[in-house]
Amino acid sequence: MTVKELCVIAIIGAIEFVVFTSFSFILYLECITFTVLIFSVVFPIKIAVSGAVVFDLLNIVLIQGITPWSLCYLGIYPVYSWIFSTWKQPLPKKLWLLAFVCAFFSFLTGQLLQLPFLLFSKTLTILYLILGLKTSLIQGALSAMICLFLYHPTKKALCAIERKLDL
């Protein structure tokens, strides 16, 4: 990797960290899935996935520490970034499909983050999965709306940056 790529990875990770942390204080509003999606659609796969890893490491070191939930983030967002990057050709052509994918993965994040409760009890995990459905559904719907409204202007700005960087 070049120094330019490493700098872009660091900036992507920092932006994702700021987005995640800033919106974590607002109930139901989760913008990190959209942020990971937009970076994955615009930038090359190794940069997008590496940026997600940097974000997760920043989150572990600066905010959450090593917990089952922070390790879930370390597994979830790089995988999401890889999935979005591999789907980058068919997705951007249809905004409604992109919004649905963003909503689905935002919903899925809420559900996957209940799995560490398996360390305590299977019954507790099932209870948290059921109780978390409402929150995850609202979170997914808001992520779809964010994607519908912000996808084109954000992509336009990021594509201009990516062209100037010549990655």
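Residue count for the stretch 16-26, restricted to those that are touching a residue at least 40 places away in the same chain (Cβ under 8 Å) and either out of contact with any Leu (no Cβ under 8 Å at 6 or more places or on another chain) or exposed (fewer than 14 other Cβ atoms within 10 Å of the Cβ) (or both): 2. Checked against (1) within 25 Å of Ile11 (Cα to Cα); (2) in a helix (DSSP H, G or I); (3) under 22 Å from the mean Cα position of the chain (by Cα), Ser136 passes all but condition (1). Look through the stretch 42-88, keep the residues that are more than 24 Å from Met1 (Cα to Cα) and polar (S, T, N, Q), and return whichever of them is most open to solvent (accessible area, probe 1.4 Å). Among residues in the stretch 42-88 that are more than 24 Å from Met1 (Cα to Cα) and polar (S, T, N, Q), the one most open to solvent (accessible area, probe 1.4 Å) is Gln64. Residues in the stretch 108-134 that are open to solvent by less than 90 Å² (accessible area, probe 1.4 Å), farther than 21 Å from Gly75 by Cα and of a type in the set (Ser, Thr, Tyr): Ser121 only.
Checking the structure you have, find out if any residue of the stretch 153-165 is free of Cβ contacts under 8 Å to residues at least 12 places away in the same chain, under 13 Å from Phe34 (Cβ atoms) and surrounded by fewer than 17 Cβ atoms within 10 Å (Cβ to Cβ). Yes, the stretch 153-165 contains a residue that is free of Cβ contacts under 8 Å to residues at least 12 places away in the same chain, under 13 Å from Phe34 (Cβ atoms) and surrounded by fewer than 17 Cβ atoms within 10 Å (Cβ to Cβ). Listed by first and then second residue, the pairs with beta-carbon distance under 7 Å, at least 6 apart or on different chains, first residue in the stretch 60-75 and of a type in the set (A, V, I, L, M), second surrounded by fewer than 12 Cβ atoms within 10 Å (Cβ to Cβ), are Ile60/Ile66. May I ask you to list the residues in the stretch 49-76 that are over 14 Å from the mean Cα position of the chain (by Cα) and of a type in the set (Val, Ile, Thr)? Within the stretch 49-76, Ile60, Val61, Ile63, Ile66, Thr67 qualify. Would you point out the residue of the stretch 25-41, among those that are in contact with a helix residue (DSSP H, G or I) (Cβ under 7 Å, 6 or more places away or on another chain) and aliphatic (A, V, I, L, M), that is farthest from Glu5 (Cα to Cα)? Checked the stretch 25-41; the qualifying residue farthest from Glu5 (Cα to Cα) is Leu29.
Being hydroxyl-bearing (Ser, Thr, Tyr) and free of Cβ contacts under 8 Å to residues at least 24 places away in the same chain holds for only one residue in Ser121, Ser143, and it is Ser121. Reported count of residues in the stretch 73-91, each being modelled with pLDDT under 90 and touching a helix residue (DSSP H, G or I) at 6+ places or on another chain (Cβ under 6 Å), is 2.
The values are calculated or read from the model by the stated rules, or taken from the named source; none is laboratory data. Small disclaimer: the values here were computed from a predicted structure and weren't measured. Backbone-built Cβ (ideal geometry, glycine too); neighbour counts: all protein chains shown. The protein model used for the area step is the full one, side chains on, heavy atoms only, and it has no ligands, DNA or RNA in it. Shrake-Rupley method; radii C 1.70, N 1.55, O 1.52, S 1.80 Å.
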